[in-house]
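Below is one structure, written out as structure tokens, with a few remarks after it.
Bear in mind these aren't lab numbers, they're just calculated from the coordinates by the rules spelled out. This one's a predicted model, so the numbers in the text were calculated from it and none came from an experiment. Ideal geometry is used to build each Cβ from the backbone, glycine not excepted, and the neighbour counts take in all protein chains shown.
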Amino acid sequence: MKRLNGVEKKRAVRQRTRRPVGTTGASLSPHHPNTLTPSSRRIDHADVPIVASPSGLPTQHLVSARDGAEGLFVAQQWLRPGDRVLLHTHPVEEAITFLSGSGEATLGEETVPIGAGVSLYIPAGEVHGFRCTEGTLHVFVVFPTPEFAETMIVERAGEE
């Protein structure tokens, strides 16, 4: 297999990422069978900024539309003891995985323990939130949208 030099690599990437054009000169739909799919990519977390979540907590958007994702969003958050994700809803389903720390989550009317080795599935529209009680609660969040899902907070910060 021939190794590409720098110029050839750039040309190959440009060709792969160009949108196909129909006979009329218009770009094809992203769902057209001749449309090229986005390229795979490596995302170095050290290069991704940490921003505030809707609850004001540090959040890092790892995979999103910024990276070419069309139907996937992945983020991580960190909560210290006493930190809370306020009760809220999303118009789409959500998956949350806890990598470290411990706490409790509210899922509708139920309160459940959370911590390393636990994941939550939350249907669209269900009221949910969680809080850290011990250690650093390291959380992975996944939505079936290319951006952090629309969030409706259903409590004020002072309520519990």
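Highest mean packing comes first when the peptides 79-88, 66-75 are listed by Cβ atoms within 10 Å, giving 79-88, 66-75. Net charge within 13 Å of residue 103 by Cβ-Cβ distance, Lys/Arg positive one each and Asp/Glu negative one each, not counting residue 103 itself? Residues close to residue 103 contribute a combined charge of 0. Note that the range 100-111 has calculated 3J(HN,Hα) couplings of 7, x, 8, x, 9, 10, 9, 10, x, 9, 9, 10 Hz, one per residue in order, obtained from phi through the Karplus relation 6.51 cos²θ - 1.76 cosθ + 1.60 (θ = phi - 60°); glycine and proline are x.
Listed peptides 95-102, 120-127 appear in the order 95-102, 120-127 once ranked by packing, highest mean of other Cβ atoms within 10 Å at the front.
By the Kirkwood approach, averaging reciprocal distances over each pair of separate Cα atoms, the range 41-153 gets a hydrodynamic radius of 14.1 Å.
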